[in-house]
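Here the structure is laid out as structure tokens; the discussion comes afterwards.
The values are calculated or read from the model by the stated rules, or taken from the named source; none is laboratory data. Keep in mind that what you see is a predicted model, and the values were worked out from it rather than measured. So basically every Cβ, Gly included, is an ideal-geometry build from the backbone, and we count neighbours across all protein chains shown. Heavy atoms of the whole protein, side chains included, go into the accessibility calculation; ligands, DNA and RNA do not. Shrake-Rupley method; radii C 1.70, N 1.55, O 1.52, S 1.80 Å.
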Amino acid sequence: MESQEPRTLQEAINYFADGENCLKYLVPRVFPNGVPTCPTCGSTKLGFLKNQLRWQCSVRHPKRQFSVKVGTIFEDSPLGLDKWLPAMWLILNCKNGISSLEIHRALGVTQKTAWFMLHRIRLAQQGKNGGKLSGEVEIDETFIGGKARNMHKSKRARVITGTGGKDKTVVMGMLERGGNVRAMVVDGRRKKQLQSNIHEHVEAGAAIFTDELRSYDGLEDSFKHQVINHAVEYANGNVHTNGMENFWSLVKRQLHGTYISVEPFHLFRYIDEQAFRFNNRKMTDAERFDIGVREIVGKRLTYAELIGQTGETETIH
Ligand SMILES: [Zn+2]
């Protein structure tokens, strides 16, 4: 049995097959100050039930027993950590993403379960925006879409709403050169929407670079705004959006190569996943996994929330 913290997928599978290893890895990362804490009363005076790998609070109240899954994206899941943690390893470290079919094959869970795991793990990677982007910031939007031909006709009618190019969804991105990217699904390319996102995510006074889209007009009041006219050239000195273009190509490779069909209301989860990997691109797999695991706390996602208000089931091809 592995005892060192894992550095590769193979080591992760071996290491997390052991329940005590799972605890050894998770306890310092998910509990406040790394100390097991009763989720009901906050006490750290606990007994440890070795056979069940659970704790029991020494204060008298209901729900005294709890596991390391409590308060994390794993809570209430009947799946073992021996499945969850290798799944996280795969998702956080596969550069082009991984499909529910691949998780199903690799870990022996059903594809439906794999799909739910993927989405819970993606949820854990959302947000955490920190401060505003500053320095030199590239801003761009792209259309992602559609895949209408893979859908049944009645479904197509429900799923596809006209934004931008008919069956496409608009995604907006902002990249601090040498730093992090933020990307989000937006309603369209109207000035008000794009510019309110820029004000929310970019430090006033920063140098920003966009293409000639009219929706970016007027930003020079708050930013050092420079425009590259893509009809004429791709770059003029440091005036370009090549970093954003690079990010879009990663996103599109992921979507086209791996996921085959993504419905617009799930798209933001895939975008967030790619942004997480991009923003942590200079790390080893073990470091990226460590960061990802620390994000699993305080985030829950029910199946109903995941599939949206419509009660629609997932698309699996
Ligand atoms: Zn307690």
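Overview of values
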| item | result |
| --- | --- |
| Out of Val297, Val262, Val293, sole residue that is in contact with a strand residue (DSSP E or B) (Cβ under 6 Å, 6 or more places away or on another chain) and either within 21 Å of Trp89 (Cα to Cα) or modelled with pLDDT under 85 (or both) | Val297 |
| Members of the stretch 26-47 that are more than 14 Å from the ligand (Cβ to nearest atom) and either open to solvent by less than 60 Å² (accessible area, probe 1.4 Å) or more than 30 Å from Arg288 (Cβ to Cβ) (or both) | Leu26, Val27, Arg29, Val30, Gly34 |
| Condition check for Ala157: hydrophobic (A, V, I, L, M, F, W, C), at pLDDT below 90 and open to solvent by 50 Å² or more (accessible area, probe 1.4 Å) | yes |
| Any hit, the stretch 74-83, residues being farther than 30 Å from Leu255 by Cβ and of a type in the set (Phe, Trp, Tyr) | no |
| Residue list for the stretch 229-243, filter: within 20 Å of Ser134 (Cβ to Cβ) and either part of a strand (DSSP E or B) or in contact with a Gly (Cβ under 8 Å, 6 or more places away or on another chain) (or both) | Val239, His240 |
| Residue, farthest from the chain's Cα centre (by Cα), within the stretch 56-90, restricted to residues that are within 16 Å of the ligand (Cβ to nearest atom) and open to solvent by less than 20 Å² (accessible area, probe 1.4 Å) | Cys57 |
| Selection within the stretch 91-114 - crowded, with 21+ Cβ neighbours inside 10 Å and of a type in the set (A, V, I, L, M, F, W, C) | Ile91, Leu92, Ile98, Ile103, Ala114 |
| Scan of the stretch 36-83 for residues that are of a type in the set (Phe, Trp, Tyr) and assigned to a loop (DSSP other than H, G, I, E, B), ordered by number | Phe74 |
